[in-house]
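The values are calculated or read from the model by the stated rules, or taken from the named source; none is laboratory data. Note that the structure is predicted; figures quoted are calculated from it, not measured. As a convention, Cβ positions derive from the backbone with ideal geometry for all residues, glycine included, and neighbour counts pool all protein chains shown.
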Amino acid sequence: MSHLDPEQEIERLFVAVPLPDMLLEYMKNESARVSSVLNFARWTHFQDFHITLQFLGDTPREHIPALYEALRKVAQSSKGFQLKLGEWGTFGLPDSPRVLWTGVSGELEPLKELQNKVVSATRPLGYTPEMRTYNPHLTVARKYRGKDPFTLEQLENIRMESQPPGQLLPDKGWTVDAFVVYATRMHAIPMYEMTEKFTFF
């Protein structure tokens, strides 16, 4: 499987855990409800939701086969684990956040171990890991533009509307049995295109 653009000499890549279709649909509906009330500059297209493992950045095409081989070895040494979507939160100033996100819960230690193995596998190829602590999440929106200060209480009230009591989080989790490499297609909708999938053995 390969969906690389043959005319591109450089691909802007990252490694991520994809979401199953049922949770993409759930996030589509939740995002639509929140975006009808809260003003953010950019909202993530529902097909672009993912959990980043490592941002790789601009990668010359000739380097991609070696990258895929290193990631294939990571998949071969990995086993499936369970995740669920978690609570929502923000990065940045509490009343004017730069990122609105959804967290994940479940078997987080295997997720962090997978992220560490990906970073370790790509480091010898020249990819530099981020220095900050790994914080798995799904980016929902960027750059708050509302006139009134943002509050998590308001966010929760919006999400609770038409929801049964205690049902802010979806009941179903999923088994992570693979990760993928995405290429960024600027100005395309959706913006991320899967170029390769690595299934666990």
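Within the stretch 56-71, the residues that satisfy the criterion of being closer than 14 Å to Gly126 by Cβ and part of a helix (DSSP H, G or I) are Glu62, His63, Ile64, Ala66, Leu67, Ala70.
The single residue among Val74, Val15, Val104, Val37 that is β-branched (Val, Ile, Thr), within 22 Å of Ala178 (Cα to Cα) and not in a strand (DSSP E or B) turns out to be Val74. Is there a residue being touching a Gly at 6+ places or on another chain (Cβ under 6 Å) and either without any contact (Cβ under 8 Å) to a residue 12 or more places away in the chain or of a type in the set (S, T, N, Q) (or both) anywhere in the stretch 57-80? Among the residues of the stretch 57-80, not one is touching a Gly at 6+ places or on another chain (Cβ under 6 Å) and either without any contact (Cβ under 8 Å) to a residue 12 or more places away in the chain or of a type in the set (S, T, N, Q) (or both), which makes the answer no.
Go through the residues of the stretch 137-145 one by one and say whether even a single one is modelled with pLDDT of 95 or more, touching a Phe, Trp or Tyr at 6+ places or on another chain (Cβ under 9 Å) and loosely packed, with under 14 Cβ neighbours inside 10 Å. Looking for residues that are modelled with pLDDT of 95 or more, touching a Phe, Trp or Tyr at 6+ places or on another chain (Cβ under 9 Å) and loosely packed, with under 14 Cβ neighbours inside 10 Å, one finds at least one in the stretch 137-145, hence yes. Taking the listed residues Gly106, Gly89, the one that is closer than 26 Å to Pro190 by Cα, touching a Phe, Trp or Tyr at 6+ places or on another chain (Cβ under 8 Å) and touching a residue at least 24 places away in the same chain (Cβ under 8 Å) is Gly89, with no other qualifying.
For the stretch 146-169, filtered to residues that are assigned to a loop (DSSP other than H, G, I, E, B) and at pLDDT 75 or above, the residue that is farthest from Arg42 (Cα to Cα) is Glu161.
So that you can scan it fast, the table gives a plain yes or no per residue for (1) assigned to a strand (DSSP E or B); (2) surrounded by fewer than 16 Cβ atoms within 10 Å (Cβ to Cβ); (3) more than 20 Å from the chain's Cα centre (by Cα):
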{"residue": "Gln54", "(1), (2), (3)": "yes, no, no"}
{"residue": "Ser78", "(1), (2), (3)": "no, no, no"}
{"residue": "Glu87", "(1), (2), (3)": "yes, yes, no"}
{"residue": "Gly92", "(1), (2), (3)": "yes, yes, no"}
{"residue": "Glu113", "(1), (2), (3)": "no, yes, no"}
{"residue": "Val119", "(1), (2), (3)": "no, no, no"}
{"residue": "Thr128", "(1), (2), (3)": "no, yes, no"}
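Residue pairs whose Cβ atoms lie under 7 Å apart, separated by 6 or more positions or on different chains, with the first residue in the stretch 176-188 and closer than 13 Å to Ser78 by Cβ and the second in a loop (DSSP other than H, G, I, E, B), are Val176/Gly80; Asp177/Gly80; Asp177/Phe200; Ala178/Phe200. Regarding the stretch 170-183, can at least one residue be identified that is at pLDDT below 95, assigned to a loop (DSSP other than H, G, I, E, B), under 26 Å from Ser35 (Cα atoms) and in contact with a helix residue (DSSP H, G or I) (Cβ under 8 Å, 6 or more places away or on another chain)? Yes, there is a match, as at least one residue in the stretch 170-183 is at pLDDT below 95, assigned to a loop (DSSP other than H, G, I, E, B), under 26 Å from Ser35 (Cα atoms) and in contact with a helix residue (DSSP H, G or I) (Cβ under 8 Å, 6 or more places away or on another chain). Look at (1) surrounded by fewer than 20 Cβ atoms within 10 Å (Cβ to Cβ); (2) more than 24 Å from Pro170 (Cα to Cα); (3) touching a strand residue (DSSP E or B) at 6+ places or on another chain (Cβ under 6 Å) and you find that Leu71 fails only one, number (1).
So that you can scan it fast, the table gives a plain yes or no per residue for (1) charged (D, E, K, R); (2) farther than 21 Å from Lys197 by Cα; (3) in contact with a Cys (Cβ under 6 Å, 6 or more places away or on another chain):
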residue	(1), (2), (3)
Gly57	no, no, no
Ile64	no, no, no
Gln82	no, no, no
Gly92	no, yes, no
Arg142	yes, yes, no
